[in-house]
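Just so you know, all these numbers are worked out from the coordinates, no wet-lab data involved. The structure presented is a predicted model; accordingly, all values stated were derived computationally and were not measured. We place every Cβ from the backbone using ideal geometry, glycine too, and count neighbours over all the protein chains shown.
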Amino acid sequence: MKLKAKYILRTVADKIVAIAIEQGGNDTDGVITLNETGAFIFSKINEGADFDSILEDFLKEYDITKEEAAKAVSDFVEYLKNANLLEDDGQKTMKL
């Protein structure tokens, strides 16, 4: 998994936002507001982590089952794909 642009995460007025610092095209410009779990997953993807390592870290961070974690990560990755924020780099993105 790879984001189309490079982002930094910041907290602004009690909201977590991802701000594009390297533009990946018109559809990836700007600011994205995230909740806590979205920010966690987004930051891992931004660092270049693959699905399995994100899932492992997610399980360490949150007290949920592996199935719940896999669904949460998969759903968020799907959201990013639908928003056209991920490049198709051929990596596996889902393992349930």
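Quick notes on this structure:
- Among the residues of segment 38-90, the ones that are aliphatic (A, V, I, L, M) and within 10 Å of the chain's Cα centre (by Cα) come to 10 in all.
- Test: residue in segment 32-45 that is of a type outside the set (Phe, Trp, Tyr) and more than 20 Å from Asn84 (Cα to Cα): yes
- Figure legend. Inter-residue proximity from segment 37-66: first residues among the hydroxyl-bearing types (Ser, Thr, Tyr), second residues assigned to a helix (DSSP H, G or I) and surrounded by fewer than 18 Cβ atoms within 10 Å (Cβ to Cβ), beta-carbon distance below 9 Å, spacing 6+ or different chains. Indicated pairs: Thr37/Glu61; Tyr62/Thr37; Tyr62/Glu68; Thr65/Leu59.
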